[in-house]
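Comments concern the structure below.
The values are calculated or read from the model by the stated rules, or taken from the named source; none is laboratory data. All values derive from a computational prediction rather than experimental measurement. Here the Cβ positions follow ideal geometry from the backbone for every residue, glycine too, while neighbour counts run over all protein chains shown. For the accessible areas, the whole protein counts, side chains as well, though only heavy atoms, and no ligand, DNA or RNA atoms are used. Shrake-Rupley method; radii C 1.70, N 1.55, O 1.52, S 1.80 Å.
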Amino acid sequence: MSGYMAALYENKMMSSGENLLTAIVPLMKLLSLIVIGLVLAHPKAQMIPRETFRLLSKLVFALFLPCLIFTELGESITLQNIALWWFIPVNVLVSTVIGCFLGVAVVLICRPPPQFNRFTIIMTAFGNTGNLPLAIVGSVCHTKDSPFGPHCHSKGVAYVSFAQWVAVILVYTLVYHMMEPPMQYYEIVEEGTEIEEQPVSNVSRPLLVEAEWPGIEEKETEHSKTPFIARIFHSISSLSQTTFPDIDLGERSLSSPRSIQCLAEPRVVRRIRIVVEQTPVQHILQPPTIASLLAIIIGMVPQLKAFFFGYDAPLSFVTDSLEILAGAMVPSVMLILGGMLAEGPKDSTLGLRTTIGITVARLLVLPLLGIGVVALADKLHLLVQGDAMYRFVLLLQYTTPSAILLGAIASLRGYAVKEASALLFWQHVFALFSLSLYIIIYFKLLTYI
């Protein structure tokens with residue numbers, strides 16, 4: 001009997017060790033790629049110039065990532081799967097709402113400088129739902145003893161890609177306006193003598209600004225770096241009236257024949273319309289989003305799908321070529337992340353306490369709440385039954401650091417650019433440890449939730 005118990009204990013220990021190794025090895029692979037990128041881009045070595053990493057980020061954005069999304073999502077998605085996967089985009093919204101509440105808690109507890117209150121909430125709420133989860137899924141599925149069974153990579157990439165469109169819409173609408181420069185901060189900066197804005201060269205611009213949104217300098221509009229919403233919805237001083245560029249509210253004179261014939265547009269409605277018109281929704285249709293839409297359309301129509309996917313498909317050579325290009329996505333993203341970390345943290349006025357508060361809330365507290373949300377959804381039978389990868393992707397949405405795209409939005413709005421750079425640096429450094437911890441926990445829990 002004692003021999004049997006000893007053998008059982010030994011098998012259990014071996015199984016635990018194997019599970020731990022299975023969870024750690026994928027992250028060690030990604031870490032190795034990050035270290036290579038860091039060494040290549042380190043300022044002292046300068047083996048590869050920063051401009052090369054910018055070009056690589058453009059290739060990822062315009063070619064490698066769309067190819068990966070199209071080939072994997074298009075092959076996996078069907079009308080039936082859309083009905084089964086509905087909780088994936090909903091989970092993005094749930095994680096964002098919970099993150100916003102955590103961000104408010106960080107503001108109340110850590111008390112950042114007043115001009116960074118909205119910045120603190122945004123950086124706590126919005127995580128990386130694109131490149132980093134795709135890299136983690138790719139690395140996990142590349143291991144020999146993957147716990148997710150056959151078609152691990154295809155399913156994982158399809159799940160992550162299916163959630164991206166929700167995150168993109170949130171970034172280009174809610175985040176864009178919440179990252180607006182605060183009214184008081186803008187007035188303080190602009191109150192003195194007029195200072196001509198010096199153009200920022202590609203050499204001085206941080207790599208994170210273009211890491212997930214290349215060509216951001218071309219997207220700037222007249223009101224990108226002004227408190228546009230505050231100007232419209234709040235009464236401001238006569239000084240700031242001269243400071244801001246004039247905004248045509250489109251008011252009509254009551255003496256005009258048209259205004260006599262029809263009711264005048266309410267003032268609040270007119271202001272909301274102007275804000276909607278100034279929202280850069282056109283930027284939503286970027287190459288990754290277009291690839292997602294094409295994949296969904298083709299995947300839902302069996303006749304079209306038969307042309308692109310399958311061994312006997314007439315255009316299978318096209319999808320095979322795209323798959324070859326898609327294989328470069330994960331290593332390229334990790335090399336870019338290493339290049340970003342090689343630049344080091346920028347000077348920040350956010351404060352150490354707030355930086356720690358955001359990092360702890362985003363990388364330690366939110367994943368714990370995510371486990372509860374996914375477990376509850378499973379109890380309510382909202383998830384795909386028996387699909388461990390489905391649950392793993394849902395949990396990852398709570399675990400990743402703040403989206404690198406937030407650094408690009410900060411640069412576009414001219415708000416907290418240095419703070420975003422420093423915070424993203426420290427979050428990604430700490431995420432190397434928090435992701436390792438939670439992936440081990442997730443591998444243990446996937447048999448129970």
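Some notes on this structure:
- Under the Karplus curve 6.51 cos²θ - 1.76 cosθ + 1.60, θ = phi - 60°, whole-Hz ³J(HN,Hα) for segment 420-436, x wherever Gly or Pro sits: 5, 4, 5, 5, 5, 4, 5, 5, 6, 5, 5, 5, 4, 8, 5, 5, 4
- Treating each Cα of segment 294-338 as one equal point scatterer and applying the Debye formula with no solvent, the log10 of I(q)/I(0) at q = 0.22, 0.31 Å⁻¹ comes out as -0.75, -1.02.
- Residue-count net charge about I122 - beta-carbon cut-off 14 Å; Lys, Arg +1, Asp, Glu -1: +1
- Highest mean packing comes first when the peptides 412-418, 90-96, 119-125 are listed by Cβ atoms within 10 Å, giving 119-125, 412-418, 90-96.
- A simple charge model with +1 on the Cβ of Lys and Arg, -1 on the Cβ of Asp and Glu and nothing else charged puts the dipole of segment 270-426 at about 780 debye relative to its Cα centre.
- A straight chain from I441 to L59 at 0.36 nm per residue would run longer than the Cα-Cα distance by 134.1 nm.
- Probe 1.4 Å, accessible area per residue of segment 304-449, Å²: 40 Å²
- Neighbourhood net charge (15 Å Cβ-Cβ; Lys/Arg +1, Asp/Glu -1) for L368: +2
- Nonpolar atom fraction for segment 132-176, defined as the carbon and sulfur part of the 1.4 Å probe accessible area, stands at 66 percent.
- Tensor-based shape of segment 39-106 (alpha-carbon gyration tensor, a/c under 1.5 rounded, otherwise prolate or oblate): oblate
- Amide hydrogen neighbours beyond the local backbone of G127, cut-off 5 Å, H modeled: A403
- Charge context of L352, other residues only, Cβ under 14 angstrom, K/R +1, D/E -1: 0
- Spin-label model, A105 to I356: label points 7 Å out along the Cα-to-beta-carbon direction sit 1.7 nm apart.
- Calculated P(r) of segment 325-425 - Cα pairs past 21 Å, %: 52 percent
- Phi-based couplings in Hz for segment 32-40 (Karplus 6.51, -1.76, 1.60; Gly and Pro marked x): 4, 5, 5, 5, 4, x, 5, 5, 5
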